Number of protein chains: 6
Amino acid sequence: MSLVVRNIPRADVGVIDALAGFGVATVHEAQGRKGLLASYMRPIYRPAQLAGSAVTCEVAPGDNWMIHVAVEQCKPGDVLVVAPTSPCEDGYFGDLLATSLKARGVRGLIMDAGVRDVAVLTEMGFPVWSKAIFAQGTVKETIGNVNLPLVCAGALIHPGDVIVADDDGVCVVRRAEAAAVAEAAREREANEIDKRAQLEAGVLGLDLYKMRERLAEKGLKWVDEAP
Amino acid sequence: MSLVVRNIPRADVGVIDALAGFGVATVHEAQGRKGLLASYMRPIYRPAQLAGSAVTCEVAPGDNWMIHVAVEQCKPGDVLVVAPTSPCEDGYFGDLLATSLKARGVRGLIMDAGVRDVAVLTEMGFPVWSKAIFAQGTVKETIGNVNLPLVCAGALIHPGDVIVADDDGVCVVRRAEAAAVAEAAREREANEIDKRAQLEAGVLGLDLYKMRERLAEKGLKWVDEAP
Amino acid sequence: MSLVVRNIPRADVGVIDALAGFGVATVHEAQGRKGLLASYMRPIYRPAQLAGSAVTCEVAPGDNWMIHVAVEQCKPGDVLVVAPTSPCEDGYFGDLLATSLKARGVRGLIMDAGVRDVAVLTEMGFPVWSKAIFAQGTVKETIGNVNLPLVCAGALIHPGDVIVADDDGVCVVRRAEAAAVAEAAREREANEIDKRAQLEAGVLGLDLYKMRERLAEKGLKWVDEAP
Amino acid sequence: MSLVVRNIPRADVGVIDALAGFGVATVHEAQGRKGLLASYMRPIYRPAQLAGSAVTCEVAPGDNWMIHVAVEQCKPGDVLVVAPTSPCEDGYFGDLLATSLKARGVRGLIMDAGVRDVAVLTEMGFPVWSKAIFAQGTVKETIGNVNLPLVCAGALIHPGDVIVADDDGVCVVRRAEAAAVAEAAREREANEIDKRAQLEAGVLGLDLYKMRERLAEKGLKWVDEAP
Amino acid sequence: MSLVVRNIPRADVGVIDALAGFGVATVHEAQGRKGLLASYMRPIYRPAQLAGSAVTCEVAPGDNWMIHVAVEQCKPGDVLVVAPTSPCEDGYFGDLLATSLKARGVRGLIMDAGVRDVAVLTEMGFPVWSKAIFAQGTVKETIGNVNLPLVCAGALIHPGDVIVADDDGVCVVRRAEAAAVAEAAREREANEIDKRAQLEAGVLGLDLYKMRERLAEKGLKWVDEAP
Amino acid sequence: MSLVVRNIPRADVGVIDALAGFGVATVHEAQGRKGLLASYMRPIYRPAQLAGSAVTCEVAPGDNWMIHVAVEQCKPGDVLVVAPTSPCEDGYFGDLLATSLKARGVRGLIMDAGVRDVAVLTEMGFPVWSKAIFAQGTVKETIGNVNLPLVCAGALIHPGDVIVADDDGVCVVRRAEAAAVAEAAREREANEIDKRAQLEAGVLGLDLYKMRERLAEKGLKWVDEAP
């Protein structure tokens, strides 16, 4: 038996939109260096950037049936997150599904598998992060869960978690932590403005971050010539 | 002993050009989900789209000699298909060979290995799908077959088969099936116009494809809250 | 104990700039088909092209501390070359480090690991060749050598060697050989002008390179029809 | 800040030992085809088979410090489960740590990274499933969590979950489901005794599982000769 | 529509058994260095060696239904060859199917995907060459062709071709060429007896194969000291 | 032009034999965690252990000609180290070459490519560490250097360096450092005897290595229950 959960909690839209404004790298650092999906998750076009509420969808290898089920559970501002029960690069998703998601106000797709019709998706401006681009078709035979927690590209994602994605990849933020992470990201970014200005002016990170003493303690030696 | 076959059958140009107008995903579906080359075959620039008659060329690892032989067998409208006898990512092909192919009216290259000079190839508008981009040079010592059937990126290709390629990858269509596949692709695309319109209007795939009953039979349950 | 070497020899700027004008494929051929880094080293944006003097930096997996040390050793015209002591795809490098390198006149980065903030790096026009794009943060705990020889993406690189990089990948030229390689590349390119013109005019490589006799000696047969 | 949780619930020893008697394939099927770790997790010697309670340990790339912390939390019958915060194949674990775990009655190690001293581990009969065998040493600089849930080789593991491993790989069973899964596995195995006997006697699966009618409905045709 | 072909030609049993006695390397050389499956096809235990007539079976990703269909087409002396329509590492095959194949006199399995129950298969002495070992279960929903030609691990295999496999991997020999290849392999092996004796006696390959002159012509220089 | 260097320095046999007695992990640690070849270099059978003087051999992809040249440069106690100029998994080496090397007293082979005849090599007891096992044959057309430094599986190796290999992989020790590394390895091993005894007796590494205070300083907290 598989389940489709209709009601999921979502984070505050203002918080989600704030997170969308920060890069994945910043959000990932702001929440203590956690939540990244595997580095093989790449955008099908660049630049691309979004944040949204995760609707999670489990699929069988070579079978995209449950994506059709998941579409109905998506609301404006959501991001659809799809993971296969075993590794697969088939083309689970194309322009018709994207049309349907776009009609529902969905912001993008995170697919731990393959997608196709990428030229059309690019023209549509529908952002997708995927493991592969592959035209291989799929069947509609096996059911799975929608809106239960799943592991996608190595990261645990609960329905309603916030997905942040850009050219660097994809990060998940726990719903309950989203507001705090957005605030921490804001502070981190503010903090970087001054740093960037100093680095642009030629100040060295060694001095800006006061690293010289600790490096010496660790045993680093500067010599004029190679031994 | 290796052979170069001079006369190969080719599909009707009108059929080839019709196939060029459909995407790889559509053609692949239209012929019963077969014929795709491996997902690692990627275009060196995007967007790119073509169809043409396959001229097949077998090469030794690290040896591009036979490509020079194959060039002579190419005619306007052809696509050169090259596969090594064991996996290799060397840069078998660069701008001089592209110049030669272009002069003969060849539409593009399918290379189950590496290519180089991709900045120039991009400027020239000569489309290539390859396994790798790698500047590694090759030698000219070992002969192989031209215009015999070969396996390229996991797909069997006969000389004269139709190659269809776009941003989603590469597909081969048997010459004898090309006309029927083009017709099936046309029907499939026509059929999608109405579907796309309905999906844009917010109709769900669940309803459009009448999936609800069969999902329930398989045991799918909708619940309001996660258990 | 780890060492930072302050004074390294560098090739003549005129020679470096000459090498920058040739593609990686040409330079690689001109020096006898050696010096290429692995094909997984890809530019974060295209087109990109540079040449510069290598400043080498060894880092621990998941630890970018030594990059901060290496920045101080960089001079205008240099290229920073970073290799981890064991394979790692973490995001060692982002926009703040790029700001710092740019302020010092560094021409680009060769990173046998991951980088992040690639959207900003692209806007900045700071070219990077890397193994991965990954937002994963790093620590600052372990020291390593700066400006000692290291193996980066399969190639041995000495500080002061010339790095040449473009859309085809990355090549290293020994400092002592740089002038001769630049001259050989110039000759090679000059030699290709005439060849390109002939190929454009439809002359076959088989004839231009006088290959037919040797192919026949090897046993190649041309037949009209497949057997 | 990182946490070490001292008290974790564990499944009943009788249930764990029952699960140890079934293969991973059987347990995985018995719990509805879920819980497998990635196929790259391989035993360092074969045959090997175990079940035990998971003690979970998060490590930084190239840093095995937290394994020393986790050892103290292990009790007889446990299995240590280690996952890095980003992919790494370094040799986190060798014969000294195995000696320590063995002294505490730990049944084996699940390591989503590399291990070393495998000849000695084999002699000791200490079973390990790992992503790699690699002698690369690690540092002790970065802390992480012990006995919090983590994703290991693509599977979510809670402390106290039951780990089942054999030559086919590794499977996790939720603690609360362990007894039911053991019972289902027992039934499944009992059910297979008769099937195996029939198959040995030459009965076809097509008949044993009554597949012929459904295959025909799907459109399968038997023909005497290839078309 | 998919087809199951009942009658396939098979090579002479004496020829097949003769091929079984040669190693894969010898057979591959004897037929002109062709016919090898990809190097990722590895035996689940070593040593293992066989030859047999191919029964070919196409399966969908994550779906082993057609293997049950193919079993019925197998006769004593056959080898079952299974390839998925897109890459998949799921555990398509385990001890029950092996029991069934063994009951029919099948000599082994070539699986371009995953298998499970490898401890039992090893005990049974049922040899398998596969891409992966993975316990992941499969469904029975999608049909495919049995005994039509397919590409398995990069090699084209017709039903009735001879499969030769050992610790070095897997090779296919065309049925029509099997007798000639067996004879060529016999000659090759006879020829190696004397060579091996000479090499054992300390004769150098350089002299045995008379390589020195040609090496010198190519430009090889022997020097006493490194330059 | 390529060179074969006849005279290379070798380390003291007593030192080499001492290094053979330590594991790769110990030697790697004793020399400051450097010198490991990539983790994909695996022994074709286990257990296997050796040390010897490197004779280095560069080969073209798919071309094993230079191995025949290198054999002549090998003396008793040597280890042949072969690296292709671009990645290749072909079967460069089989039982005839092993026979020849064994006749010359060579201790084993390090091959950053494929080998074949592994069943025979196993029977012969000729140890090989390789990237792949693959029956694919090679040609004899292209020359390369013998006994010049090369990069093999990511590590720089000079002729005459000491190669140490066991079930954990392969490590290179600089000839000039071999004696000191052997001494450091001896001390390291002596030092581990007492540690191992204490760990066997149940002393925790946390106490043996006095880690508790530094862990607390880094911010590690022990709690009784998960938060």
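Bear in mind that the values in this text are calculations on the coordinates, not laboratory data. Nothing here was measured: the structure is a model prediction, and the numbers come from that model. When we count neighbours, we look across all protein chains shown, and the Cβ atoms used for this are built from the backbone with ideal geometry, even at glycine.
Structure notes:
- Per-residue ³J(HN,Hα) for region C:47-60, Karplus 6.51 cos²θ - 1.76 cosθ + 1.60, θ = phi - 60°, Hz, x for Gly and Pro: x, 8, 7, 7, 9, x, 7, 6, 9, 9, 9, 9, 10, 7
- Above 15 Å, the calculated P(r) of region D:82-123 contains 42 percent of its Cα-Cα pairs.
- Beyond 25 Å in Cα-Cα separation lie the following of the pairs D:K195/E:K140; B:K102/E:K34; D:K75/F:K195: B:K102/E:K34.
- The radius of gyration of the Cα set in region C:118-170, together with its Dmax, comes out at 13.8, 35 angstrom.
- FRET efficiency for A:K221 and D:M124, using Cβ-Cβ distance with R0 set to 51 Å, rounded to 0.05: 0.80
- Overall form of the protein assembly as shown per C-alpha gyration tensor (a/c, 1.5; a/b vs b/c): rounded
- Where the Cα pairs of region E:137-227 fall when distances are cut into 5 Å bins, in %: 3, 9, 11, 12, 12, 11, 10, 11, 7, 5, 4, 3, 2, 0
- Two-site FRET efficiency, E:D207 against C:E192, from Cβ-Cβ distance with R₀ of 41 Å, rounded to 0.05: 0.45
- Cα-derived Rg to Rh of region E:11-62, Kirkwood definition: 1.00
- Dipole magnitude for region F:1-82: computed about the Cα centre from +1 point charges on Lys and Arg Cβ and -1 point charges on Asp and Glu Cβ, it is near 180 debye.
- Relative contact order (percent, whole number), chain F, Cα cutoff 8 Å, 6+ residue spacing: 29 percent
- Backbone geometry of region B:195-209 corresponds, through the Karplus equation with coefficients 6.51, -1.76 and 1.60 at θ = phi - 60°, to 3J(HN,Hα) couplings of 4, 4, 4, 5, 5, 4, 7, x, 5, 7, x, 3, 8, 4, 9 Hz, x marking Gly and Pro.
- Note on region C:32-82: Kirkwood hydrodynamic radius from all Cα pairs is 13.0 Å, rounded to one decimal.
- Within 10 Å of the Cβ of each residue in F:192-203, the mean number of Cβ atoms contributed by other protein chains is 3.
- Magnitude of the charge dipole, region E:89-209, Cβ model with Lys/Arg +1 and Asp/Glu -1, debye to 20: 460 debye
- Magnitude of the charge dipole for chain A, about its Cα centre and with charges confined to Cβ atoms of Lys, Arg (+1) and Asp, Glu (-1), is about 360 debye.
- A dipole drawn for region C:1-148 from +1 and -1 charges on Cβ atoms has a positive end, and of C:F93, C:A20, C:G144 the residue lying farthest that way is C:A20.
- Exercise: per-residue mean of other protein chain Cβ atoms within 10 Å, C:119-128: 2
- Value of Rg/Rh across region C:57-173 [Cα atoms, Kirkwood radius]: 0.91
- Note on chain F: semi-axes of the ellipsoid equivalent to its C-alpha gyration tensor, largest first and rounded to whole Å, are 38, 20, 16.
- Order of F:I193, E:I16, E:I8 under a 10 Å beta carbon neighbour criterion, fewest first: F:I193, E:I8, E:I16
- Relative contact order (%) - criterion: Cα under 8 Å, at least six apart; region: region D:69-162: 29 percent
- The alpha carbon centroids of region B:200-217 and region E:54-129 are separated by 37 Å.
- Ranked for footprinting exposure by Cβ neighbours inside 10 Å, fewest first, C:Y209, E:Y45 give C:Y209, E:Y45.
- Annotation: region C:8-120 has a Kirkwood hydrodynamic radius of 14.9 angstrom, from the mean reciprocal C-alpha pair distance.
- Using the rule -39500 (n - 2.57) for each DSSP H run of four or more residues, divided by the residues of the protein assembly as shown, the 222 nm mean residue ellipticity is -9500 deg cm²/dmol.
- The distance between label points at B:D17 and D:N7 comes to 8.0 nm (points 7 Å beyond Cα on the Cα→Cβ vector).
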